[in-house]
C-alpha cells in the first residue's frame, strides 16, 4: 500500500494546507502548528474554552461496507461537529485517525472530498492525524471554541423548561430500515430521501451557537430521542412529560406503519438533531432563532421535578390529547446500538 | 456485550472521576467538564497553547493479539505522551476511543489498570471517549500545555547543532525480533528485558519539559532513528553527520549479530526516545539535565548545512573513527511500518 507518509501527503495534508478562502478573503490558519510535527498547537481565544469530542466509526456498526465513501467522509466529521453544536461551540479544528484495509486511491479521494467539503463549510481545519493499515476504522476528534460559562451542558435543565427538538426525527433510522429491508417505501424518491438522512446528517452548528444564553440544557440526538433525553434528565435530576405526537416527522416517515414510524422518531438513532430545554418565556425567541438559521424547531414537552426526592428521572409520554401513552421503546435496534 | 454506557461507567468514568491526589493533597480536575457531556471543556493556562496528538493502535500492526492487556493500556497512552514530550508539552488530558470485539471484563480491567497507572503518574486526565464493538482498535488523543513559542518543533534544527538521543535505541525492535523468532537471545532475563522495552516504553516527559529553551528541534523516535531524524532534516532544510557507533545500545542488544544490532538501533521502531538538536554550547547543560531527570543523553552527530542550495537533506553515517559507513537501512521491517 501507499506509505503512511504519502497517504497523508496526498489526500489530507495538501487539503489541510490549502490556503483557505472565505468570501474571497484568505483566512489565516487557525492552528499555530498543524500537520507534520509531533503535535498540533492550538489555543482558544481569550476567555474561551476548547470543547473536545471524539467519535469512532466502524464498518458494519456505523456504516455498511458498500457506503459511498464521499458520504462516509461527510458523516464521520458531521457526527463530531454535531457534538460541538450541542455544546454551543464554534468549530475550529479536528484530527483524523484512519485504519484502512488497503490504499484504494479512488476510495480515499472520495472520502477526503466528502470530509473536506464539510470541514471547509464549517471552517474546521485538519491539524493532525494518524494512518495505519487495519480493519476500516475512522476516529475523529474535534475541537471548538465556546466562551466559559456559555456552554450548553446536559445538567442544566430546570423544572418548567420547555423541551425542544430541531429538524425532524426518525428519517435516518427509517433509511436504515429501507437499506436492511425491514420495510419498504413506495417510491424511489422517498427511499433516496431517507437514505440521505442516514448518510448525510447536517450538524446544527448555527442553531447551537444561536442558543447560547437562551437554552438551558442541550445534546445531540445520536442514539434516539428517548434515550438521549434521559441523559439530560439524569444529569439534571429532573423528569419530563413529552407529547409523542408533537415529535416532528417528515411526510415520508409518516407513510410508514405507525409502529415503525413511532419507533423511528422516538427511539431511532443517527438523527443528529438537537434536543434542548429552555425557559417557557424564551419560546418566541427560539422560534425566531429557528427561522433565522433555517432549521425548524418544535416544542415537544416540558421538564418537571422528579415526583419525590430521590426518585429516578423518567419520561411520561402523552398523545396529542394529553392521554398517557405506554411505549416500549427500549431495545429498538438502531444502527450503532452497543 | 455490556452496553456502551455501562462499559464507560465501569472501567473508565469511575477512574476518571476518582478524586486525584498528589503528595497527599487533592488535585482539582484539570478539565472544566469531563466525561458525560457532548464535549469535554478544557483551556490551556494563559499564554500557553494546547499541544494535541492522536495515535491509533491496531492489533497485528502495533501489538500482537495475545499481548498483556495491562501492557497494552500502558503503551497506548505512552506513545501519545511521548509526542507531548517531544514537543516540550506538559500532559493535561486525553480522550480514548475503543473498538472491542467483545466485552471481556478481565481484559478491560487489566487494560484500564495499565492505562490509568500511567495516566495518574503523569497527572493526565481522561476527559472523554467513545466505545463501540468492532475489531480491536485503540485511538487516543492527548492534550498538553506548552508556553507559546517554547514548543520543540521539528523545523528548528540549525547548522552547528549537536544531535542528541535519549536512552538506548533498538531494544524494542530487538524484542519484536525475539517474539517473532527472527533471532534468539541467550537467557530469559535478556528476552524479558527486550520484550519489556517493546511493550512498556517510558515517555520522556520530564526530559522534554527540561529541554524547553535549551534544545532547538525535537521529535520522538517511533519509526526508527534514521527515518525520524530525516523528518527533522527535511523540515529544517539541513543535513546531518551521525556517528553510527555512538548511538547508545544496551548490553543485551550488543549481544545480537552486528547487522541485527545496527538495524535495530538505527532503523528499529517503537523506541519512543527523544532525538533533539541543540547548540554545541548547550552540551554541559544538557548533560546536567539528563542527570537531573535520570535519563541518559548521548551526542551522536552534528547538523550541517545542505551541501548546496536546493540539495536534498541527507544523513552521512560515520563509524567511530570517522570513516564513512554505507548503510542500507531503508526497508528494514519494524512493527508498524505502513
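The values are calculated or read from the model by the stated rules, or taken from the named source; none is laboratory data. Small disclaimer: the values here were computed from a predicted structure and weren't measured. Every residue, glycine as well, gets a Cβ built from its backbone with ideal geometry; the counts of neighbours run over all protein chains shown.
Is one or more of the residues making up segment A:176-187 within 25 Å of residue A:293 (Cα to Cα), in contact (Cβ under 8 Å) with a residue 12 or more places away in the chain and in the same structural domain as residue A:268 (by TED's automatic domain parsing)? No - not one qualifying residue is present in segment A:176-187. Name the single residue that is farthest from residue A:59 (Cα to Cα) among those in segment B:102-116 being part of a loop (DSSP other than H, G, I, E, B) and in contact (Cβ under 8 Å) with a residue 24 or more places away in the chain. Top of the filtered list is B:103. Here residue B:124 passes the criteria (1) more than 8 Å from chain A (Cβ to nearest Cβ); (2) surrounded by fewer than 20 Cβ atoms within 10 Å (Cβ to Cβ) except the one numbered (2). Just one of the numbered conditions (1) more than 14 Å from chain B (Cβ to nearest Cβ); (2) surrounded by fewer than 19 Cβ atoms within 10 Å (Cβ to Cβ); (3) in contact with a strand residue (DSSP E or B) (Cβ under 8 Å, 6 or more places away or on another chain) is not true of residue A:212: (1). Taken over segment B:62-87, residues that are more than 19 Å from residue B:228 (Cα to Cα) and not in a helix (DSSP H, G or I) amount to 6. Evaluating residue B:183 against the criteria (1) crowded, with 18+ Cβ neighbours inside 10 Å; (2) assigned to a loop (DSSP other than H, G, I, E, B) leaves one unmet condition, (1). Quick check on my filter: what residues within segment A:131-152 are surrounded by fewer than 23 Cβ atoms within 10 Å (Cβ to Cβ) and assigned to a strand (DSSP E or B)? Result: A:132, A:133, A:145, A:147. Residues A:192, A:99: which one is without any contact (Cβ under 8 Å) to a residue 40 or more places away in the chain, farther than 30 Å from residue A:304 by Cα and surrounded by fewer than 20 Cβ atoms within 10 Å (Cβ to Cβ)? Unique residue meeting the criteria: A:192.
Here is the figure for segment A:288-312: residues that are under 19 Å from residue A:216 (Cβ atoms) and within 24 Å of the chain's Cα centre (by Cα) total 12. None of B:86, B:157, B:174 is more than 12 Å from every other protein chain (Cβ to nearest Cβ) and either in contact with a strand residue (DSSP E or B) (Cβ under 6 Å, 6 or more places away or on another chain) or under 30 Å from residue B:236 (Cα atoms) (or both) except B:157.
Residue check: is residue B:119 more than 12 Å from every other protein chain (Cβ to nearest Cβ), in contact (Cβ under 8 Å) with a residue 12 or more places away in the chain, surrounded by fewer than 20 Cβ atoms within 10 Å (Cβ to Cβ) and in a helix (DSSP H, G or I)? Answer is no for this residue.
Quick check: is even one residue across segment B:239-258 in contact with a strand residue (DSSP E or B) (Cβ under 8 Å, 6 or more places away or on another chain), within 14 Å of another protein chain (Cβ to nearest Cβ) and crowded, with 22+ Cβ neighbours inside 10 Å? No, the conditions are met nowhere in segment B:239-258. If you check A:225, A:233 for being at negative phi, surrounded by 20 or more Cβ atoms within 10 Å (Cβ to Cβ), in contact (Cβ under 8 Å) with a residue 60 or more places away in the chain and out of contact with any helix residue (DSSP H, G or I) (no Cβ under 6 Å at 6 or more places or on another chain), only one passes: A:233. The residue that is nearest to residue A:120 (Cα to Cα), among those in segment A:203-222 that are in a loop (DSSP other than H, G, I, E, B) and under 10 Å from the mean Cα position of the chain (by Cα), is A:203.
Identify, please: which residue in segment A:2-44 is at negative phi, assigned to a loop (DSSP other than H, G, I, E, B) and loosely packed, with under 14 Cβ neighbours inside 10 Å and is, among those, modelled with the lowest pLDDT? It comes out as A:19. Within segment A:45-83, can you find the residues that are farther than 21 Å from residue A:135 by Cβ and either within 10 Å of another protein chain (Cβ to nearest Cβ) or at pLDDT below 95 (or both)? A:45, A:46, A:47, A:48, A:49, A:50, A:51, A:52, A:53, A:82, A:83, listed by residue number. Only a single item in (1) touching a strand residue (DSSP E or B) at 6+ places or on another chain (Cβ under 6 Å); (2) at pLDDT below 95; (3) closer than 18 Å to residue A:13 by Cα is not met by residue A:104, and it is number (1).
Could you please let me know if residue A:91 is more than 7 Å from chain B (Cβ to nearest Cβ), modelled with pLDDT of 95 or more and farther than 30 Å from residue A:180 by Cβ?
For residue A:91, the condition - more than 7 Å from chain B (Cβ to nearest Cβ), modelled with pLDDT of 95 or more and farther than 30 Å from residue A:180 by Cβ - is met.
Checking segment B:254-268 against the condition returns no match, with no residue being modelled with pLDDT of 90 or more, over 23 Å from residue B:182 (Cβ atoms) and in contact with a helix residue (DSSP H, G or I) (Cβ under 7 Å, 6 or more places away or on another chain).
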